[in-house]
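Enquirer: One structure coming up, written as C-alpha cells, with questions to follow.
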Amino acid sequence: MTSDETAVAAANLAFYRALETRDLSAMDQVWLHDESVGCVHPGWHRLNGWSEVRRSWENIFANARRWKVAFEGVRIHVLENVAWVTGVELLTLSGADADDDPARMQATNIFTRRDGVWRLVHHHGSAFATETAEEDEPIN
C-alpha cells in the first residue's frame, strides 16, 4: 500500500469511527466544508453542500438507534489529489440478537487532498438489491 493509500484508509476509518460513535465534531473533521460536497444516504435524495450534509448527520445522530459499523471489501484508488474508496458497510443495531444479520450497504467515499489532508467530499450509500440470479443478467 502506498503512503497516499494509507492516508486515505485512515481518513476513511475516521469517517466510520465518527459514524459509529455519533460524534458530530469528529464528522466535522472528516469532511471538506465546501458547497461542492455531497451525500446520498440509503433511500434519501442527494444532499448538496456542507451545511445540508452536516445537518443530515446531526439529525441522524440525534434520532437513530445506536449501531456498530464495519467496512469490508475495501478498495482504495488514488489519482493525484482525488481518491475513492469502495466497499460494503455492515450496520448492526444496538441490542440486535447475535443471529440478526447486519444491514449491508454498498458505499463509495470520495476524498480530495487539501493542504496535505484528505477530506471527504462525497459519500454514497445504497442498500443491496434483492435480485435473483435471473434478474442479475447484464443489460444489452
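Enquirer: Check THR112, THR92 and return the single one that is within 17 Å of GLU5 (Cβ to Cβ), among the hydroxyl-bearing types (Ser, Thr, Tyr) and surrounded by 12 or more Cβ atoms within 10 Å (Cβ to Cβ).
Expert: Working: THR92 fails: within 17 Å of GLU5 (Cβ to Cβ).
Going through THR112, THR92 in turn, just one is within 17 Å of GLU5 (Cβ to Cβ), among the hydroxyl-bearing types (Ser, Thr, Tyr) and surrounded by 12 or more Cβ atoms within 10 Å (Cβ to Cβ): THR112.
Enquirer: Looking only at region 54-96, count every residue that is on the phi > 0 side of the Ramachandran plot, out of contact with any strand residue (DSSP E or B) (no Cβ under 7 Å at 6 or more places or on another chain) and assigned to a strand (DSSP E or B) and tell me the total.
Expert: 0
Enquirer: Return yes or no: is ARG55 loosely packed, with under 13 Cβ neighbours inside 10 Å, of a type outside the set (Asp, Glu), more than 30 Å from SER3 (Cβ to Cβ) and touching a Leu at 6+ places or on another chain (Cβ under 6 Å)? Full working, then the answer.
Expert: Working: loosely packed, with under 13 Cβ neighbours inside 10 Å: yes; of a type outside the set (Asp, Glu): yes; more than 30 Å from SER3 (Cβ to Cβ): yes; touching a Leu at 6+ places or on another chain (Cβ under 6 Å): no.
Against the criterion (loosely packed, with under 13 Cβ neighbours inside 10 Å, of a type outside the set (Asp, Glu), more than 30 Å from SER3 (Cβ to Cβ) and touching a Leu at 6+ places or on another chain (Cβ under 6 Å)), ARG55 does not qualify.
Enquirer: Ok, one more. Kindly indicate which of TRP67, TRP84, TRP118 is more than 13 Å from the chain's Cα centre (by Cα) and within 11 Å of ASN12 (Cβ to Cβ). Lay out the reasoning, then the answer.
Expert: Details: TRP67 fails: within 11 Å of ASN12 (Cβ to Cβ); TRP84 fails: more than 13 Å from the chain's Cα centre (by Cα).
The conditions single out TRP118.
Enquirer: Go through the residues of region 27-41 one by one and say whether even a single one is in contact (Cβ under 8 Å) with a residue 12 or more places away in the chain, in a loop (DSSP other than H, G, I, E, B) and either within 22 Å of ALA129 (Cα to Cα) or polar (S, T, N, Q) (or both).
Expert: For region 27-41, residues in contact (Cβ under 8 Å) with a residue 12 or more places away in the chain, in a loop (DSSP other than H, G, I, E, B) and either within 22 Å of ALA129 (Cα to Cα) or polar (S, T, N, Q) (or both): present.
Enquirer: Among what's in region 78-111 and is modelled with pLDDT of 95 or more, in contact with a Ser or Thr (Cβ under 9 Å, 6 or more places away or on another chain) and not aliphatic (A, V, I, L, M), pick the residue that is nearest to ARG66 (Cα to Cα).
Expert: Taking the candidates together, the pick is GLN106.
Enquirer: So, in region 9-26, how many residues would count as being touching a Lys or Arg at 6+ places or on another chain (Cβ under 9 Å) and not in a loop (DSSP other than H, G, I, E, B)?
Expert: Matching residues across region 9-26 total 4.
Enquirer: Something else: Kindly indicate which of THR6, THR86 is more than 17 Å from VAL121 (Cβ to Cβ) and either of a type in the set (A, V, I, L, M, F, W, C) or surrounded by fewer than 17 Cβ atoms within 10 Å (Cβ to Cβ) (or both).
Expert: THR6
Enquirer: May I pose another question? Failed condition for ALA70, given (1) touching a helix residue (DSSP H, G or I) at 6+ places or on another chain (Cβ under 9 Å); (2) surrounded by 15 or more Cβ atoms within 10 Å (Cβ to Cβ), with all others met?
Expert: (2)
The values are calculated or read from the model by the stated rules, or taken from the named source; none is laboratory data. This one's a predicted model, so the numbers in the text were calculated from it and none came from an experiment. Positions of Cβ are generated from backbone atoms using ideal geometry, with glycine treated the same way; all protein chains shown enter the neighbour counts.
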